[in-house]
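Shown next, in structure tokens, is the structure this report addresses.
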Amino acid sequence: MTRIKRPLFGGAIQAFLPDGLIDASSIRLVPNNQEVFMHAQSDQSIIVEILERVNEVSDENAIKYHFDALAEANDAQNTQDHIVDKIQSIPINSLIVQRLTSAWYLFGRQQVSKYNEQAKNIVYIHLCLLRLGGDLATDLLISFNDPVFVSEQSSSNDQQNQNGSRWTLNDFEEFFRSLEVVDYGLFLPSSNDDNSQSNDIIMS
């Protein structure tokens with residue numbers, strides 16, 4: 001069966017999405033700067049976020065900055081609760097997205113409590129950071145959250161189907177490597193809206 005690219009952000013971006021997903025916007029509110037997809041049989045998720053470009057740090061440290069921001073959102077700020085295992089550059093000529101200044105991959109781990117519970121789950125986090133320069137000034141962040149240990153006391157425990165299929169790193173890589181920007185106007189602020197709201201970063 002031939003796979004087709006599916007539209008994201010109203011069709012401004014498109015990519016090959018992995019099988020067995022649920023669009024989170026069909027069951028809950030998702031911020032306008034995010035696309036969130038959940039695995040139908042596990043607690044895995046893939047999130048695409050459009051963020052303001054972080055210029056206070058180097059390109060290599062920018063992906064670590066986003067990882068740390070995610071840890072803060074997940075209440076995993078303690079040193080033992082978020083660990084970076086690997087950061088490496090992705091050759092931009094291996095990607096479809098144009099107008100990139102650099103691209104990065106990070107693999108790390110976070111211990112995450114869901115819904116302010118006491119029980120903590122160990123989540124492998126894979127990040128892909130696509131840095132758009134010039135007037136675009138955007139960090140396009142793609143994250144793959146892969147729980148590898150779920151506490152019996154966690155509310156996520158009943159969402160785990162140990163015998164079901166799971167997304168792999170290859171699925172994630174196919175997703176971000178197939179990502180294509182159709183309309184770069186998505187990243188430009190509206191010049192006609194003087195009363196536009198602040199583009200505050202909202203982490204998942």
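Observations on the structure shown:
- Percent of C-alpha pairs per 10 Å bin, segment 1-137, short to long: 10, 35, 39, 15, 1
- Computed about the Cα centre, the dipole magnitude for segment 29-104 is approximately 340 debye when only Lys and Arg (+1) and Asp and Glu (-1) carry charge, each at its Cβ.
- Long-range tail of P(r) for segment 1-44 (Cα pairs > 13 Å, %): 60 percent
- Per residue, segment 1-119 exposes 55 Å² of accessible surface when a 1.4 Å probe is rolled over the protein heavy atoms with every protein chain present.
- Of all accessible heavy-atom area on segment 12-142, the percent that carbon and sulfur account for (1.4 Å): 46 percent
- Fully extending the segment from Asn61 to Val148, taken as 0.36 nm per residue of separation minus the present Cα-Cα distance, adds 28.7 nm.
- Using a Förster distance of 22 Å, the FRET efficiency for Ile4-Gln98 (Cβ separation, nearest 0.05): 0.55
- P(r) tail for segment 25-92: Cα pairs beyond 14 Å make up 72% of the total.
The values are calculated or read from the model by the stated rules, or taken from the named source; none is laboratory data. In this text, all values refer to a predicted model and were calculated from it rather than measured experimentally. Here Cβ is always computed from backbone atoms with ideal geometry, including for glycine, and neighbour counts include all displayed protein chains. Each accessible area value is taken on the protein alone, full model and side chains, heavy atoms only, with ligands, DNA and RNA left out. Shrake-Rupley method; radii C 1.70, N 1.55, O 1.52, S 1.80 Å.
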